[in-house]
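Below: the structure, in structure tokens.
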Amino acid sequence: MESSTGMRLPDDVAEAARMALGGGEIRHEFAWMSWAGTVWRLEGESKSIYVKRAAHLDDERDRLEWLKGRWPVPELIGLFHGFGDDWLLTHAVRGVPMNDRSITWDGPTTATRLGEILRELHSIDATDCPFGGPPERGEVLVHGDYCSPNVLVENDRLSALVDVGRARVDSPRVDFAAAIWSLQYNFGPGFAQIFLDAYGTPPMTEREIERLRRSYSRK
């Protein structure tokens, strides 16, 4: 199968996609690039799936399996290898990224919702988490890249989390850093403390906030 960009899908990936979409002709497919790899959305008559291509996706596959029923994450179809890369297939989920143009929240509202949602995510029992655990004092189950594009919402509520390949037991500051970086990228400085207040963490100085923002890395 060839994508709209002319890139071929490995045969087993194409077959898994057809089966997941219920057979028949795939009407639309499009691709976009991110630091995490290349992603396609494939649409059948009544279903949609996502296909991600990157060098190594077994970490994300393993976390999707473990997070099922704990966090709202996409349902895994399978992981394949072809053309020198990994290919991860998941069913489409409801909602749009928090930074989507259809979301009309201003900076304070976005910061508040990011903090409230993260507080709920960090409340999940991480005792048996096989990634980075067992948790030490103050550590929680973190997303690992908690920025607006990875937080999907529908009707003003969290609907799904994507790009969970870095989820693990770690300091909550890992997710603070990504959220603060994302807020400043999208709205400019001045919203970090609103986010931290919504989460429920003690206030930080501007110097501490900037140091935390700069610690964010997507590599």
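The values are calculated or read from the model by the stated rules, or taken from the named source; none is laboratory data. Bear in mind the structure is a predicted one, so any value in this text is a computation, not a measurement. So basically every Cβ, Gly included, is an ideal-geometry build from the backbone, and we count neighbours across all protein chains shown.
Would you check if there is a residue in the stretch 169-180 being touching a Pro at 6+ places or on another chain (Cβ under 7 Å) and not in a helix (DSSP H, G or I)?
Within the stretch 169-180, the subset touching a Pro at 6+ places or on another chain (Cβ under 7 Å) is 169.
Those still in the list that are not in a helix (DSSP H, G or I) too: 169.
Yes, because at least one residue in the stretch 169-180 is touching a Pro at 6+ places or on another chain (Cβ under 7 Å) and not in a helix (DSSP H, G or I).
Check off (1) part of a helix (DSSP H, G or I); (2) surrounded by 16 or more Cβ atoms within 10 Å (Cβ to Cβ) for Glu208 and give me the number that stays unchecked.
The one condition Glu208 does not meet is (2).
Report, by residue number, each residue of the stretch 149-200 that is among the aromatic types (Phe, Trp, Tyr) and within 14 Å of Arg119 (Cβ to Cβ). Can you show your working first?
Here is the first cut: in the stretch 149-200, the ones among the aromatic types (Phe, Trp, Tyr) are 176, 181, 185, 187, 191, 195, 199.
Once the filter is applied, which keeps residues that are among the aromatic types (Phe, Trp, Tyr) and within 14 Å of Arg119 (Cβ to Cβ), the stretch 149-200 yields Phe176, Phe195, Tyr199.
Filter the stretch 92-104 down to residues that are over 12 Å from Ser148 (Cα atoms), surrounded by 17 or more Cβ atoms within 10 Å (Cβ to Cβ) and not β-branched (Val, Ile, Thr), then give me how many there are.
1
For the condition modelled with pLDDT of 95 or more and surrounded by fewer than 17 Cβ atoms within 10 Å (Cβ to Cβ), what is the one hit in Arg137, Arg119? Walk me through how you get there before you give the answer.
Working: Arg137 fails: modelled with pLDDT of 95 or more.
After applying the criteria, what remains is Arg119.
Tell me the strands (runs of 3 or more DSSP E) entirely within the stretch 35-150 that contain at least 3 residues that are over 17 Å from the mean Cα position of the chain (by Cα) and either of a type in the set (D, E, K, R) or not assigned by TED's automatic domain parsing to the domain that holds Ser182 (or both).
Numbers: elements: 37-43, 48-54, 76-82, 85-91, 140-142.
Filter on the stretch 35-150 gives 76-82.
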